[in-house]
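Colleague: This is the structure I have questions about; it appears just below.
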Amino acid sequence: MTATGTPHDPAPPAQEIRFLRAGDGVRLAYAVHGEGPPLVNVACWLSHLQFDWESPVWRHLLEDLGSFTTLVRYDERGSGLSDWQIADYSLDARVNDLESVVDQLGLGRVALLGMSQGGPVAIAYAARHPERVSHLVLLGTQDRGPLTARLSAERMVEFETMVNLIRIGWARENPVFRRVFTSLFIPAATDEQVRWFDDLQRMSTSTENAVRMWVERAKVNVAPLLPLRCKRCRRSSRLGDRVRERVRRPRRRPPDRKRADAVFRVDRA
């Protein structure tokens, strides 16, 4: 009992952290919790399995998704509990990492949750292995990075400025430079969430890795895969819609044709 006589909330289910080797030898950390159909949360930029588990930003969502799925998360190469000394941050390398995680699970077909910059990886994997994906849930993502589009001079200056903000301020004790990214990712954050996201940036990866990840993501272009993927997909499903409703949040920017939410049920090839 607490001091006010109210029973404690039941202890949340524990996650189990495991490790595997990707095809090129990189050690990847992944975590499993919950019970239900398998759902793989494709790694986004900035993650730390243990720190996220205790997070005021993510914890409620992780518990919620784990209440009706077997949720699998992993730290992408170069971040969190995975290896940090990495030579290749390309889209192909990240898709290969997702392949390694799904292979390790041995669960047959899985649902994929591609949020933000995890979306292109999920799309590429579904196009490559439609027979292994039951559902594809895409939220707040896009089909190409800024360096694959024809950027205006102003947008190119903006991109270069963000890269320089990472170089200058990522590892500093003072979070003033990192607050730019915090404002972009969580514009309506509470003070607690702001402090947590500031800490996540520093502890999730190094300055050098953050720069390379940011640049590699800007080179991504999975638009050519979308017609192939859609021929094998049927929009919406009960599981996919349920996941989307749990994860959906206010957009960080006005919607446009390159950033969207979608749920697909993937038919066998």
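Colleague: For region 48-93, what does the alpha-carbon gyration tensor say about shape, rounded, prolate or oblate, given a ≥ b ≥ c as the root eigenvalues, a/c under 1.5 as rounded, and a/b over b/c as prolate?
Modeller: In terms of gyration-tensor shape, prolate.
Colleague: Something else: Sort I166, I17 so the one with the fewest other Cβ atoms within 10 Å of its own Cβ comes first.
Modeller: I17, I166
Colleague: Separate question: If the only charges are +1 at each Lys and Arg Cβ and -1 at each Asp and Glu Cβ, what is the size of the charge dipole of region 130-188 around the Cα centre, to the nearest 20 debye? Please report the intermediate quantities before stating the final value.
Modeller: On the way: 8 positive and 6 negative charges, 22 e Å.
Roughly 100 debye, rounded to the nearest 20.
Colleague: Further question on the same structure: Quick check on region 1-157: of the DSSP beta bridges with both residues there, what percent are antiparallel, nearest 5%?
Modeller: 45
Colleague: If you average the C-alpha positions of region 42-115 and of region 158-175 separately, how far apart do those two centres end up, in angstrom?
Modeller: Each part reduced to its Cα centre gives a spacing of 25 Å.
Colleague: Could the peptides 70-83, 183-196 be put in order, highest first, of the mean number of other beta-carbon atoms found within 10 Å of their residues?
Modeller: On the way: 70-83: 24.8, 183-196: 13.8.
Output ranking for 70-83, 183-196: 70-83, 183-196.
Colleague: Next question. Which order do the peptides 173-180, 37-44, 200-207, 104-111 take when ranked by the mean count of other beta-carbon atoms within 10 Å per residue, highest first?
Modeller: Values: 173-180: 14.1, 37-44: 24.0, 200-207: 19.2, 104-111: 16.0.
Packing proxy ranking, top to bottom: 37-44, 200-207, 104-111, 173-180.
Colleague: Where does each of 211-217, 156-162, 62-68, 134-140 land if you order them by average Cβ count within 10 Å, highest first?
Modeller: 134-140, 211-217, 62-68, 156-162
Colleague: Continuing with the same structure: Can you tell which of V137, A149, Y74 lies farthest toward the positive end of the dipole of region 73-204, using +1 and -1 charges on the Cβ of basic and acidic side chains (Lys, Arg; Asp, Glu)?
Modeller: Farthest towards the positive pole: A149.
Colleague: Further, regarding this structure: Compute the Rg/Rh shape ratio of region 60-156: radius of gyration over Kirkwood radius, all on alpha-carbon atoms. If you can, show how the numbers build up before the last one.
Modeller: Working: Rg = 15.1 Å, Rh = 15.0 Å.
Ratio of gyration radius to Kirkwood radius: 1.00.
No value in this document is a laboratory result; all are computed from the given coordinates. Quick caveat, the model's predicted, so the values are computed rather than measured. Ideal geometry is used to build each Cβ from the backbone, glycine not excepted, and the neighbour counts take in all protein chains shown.
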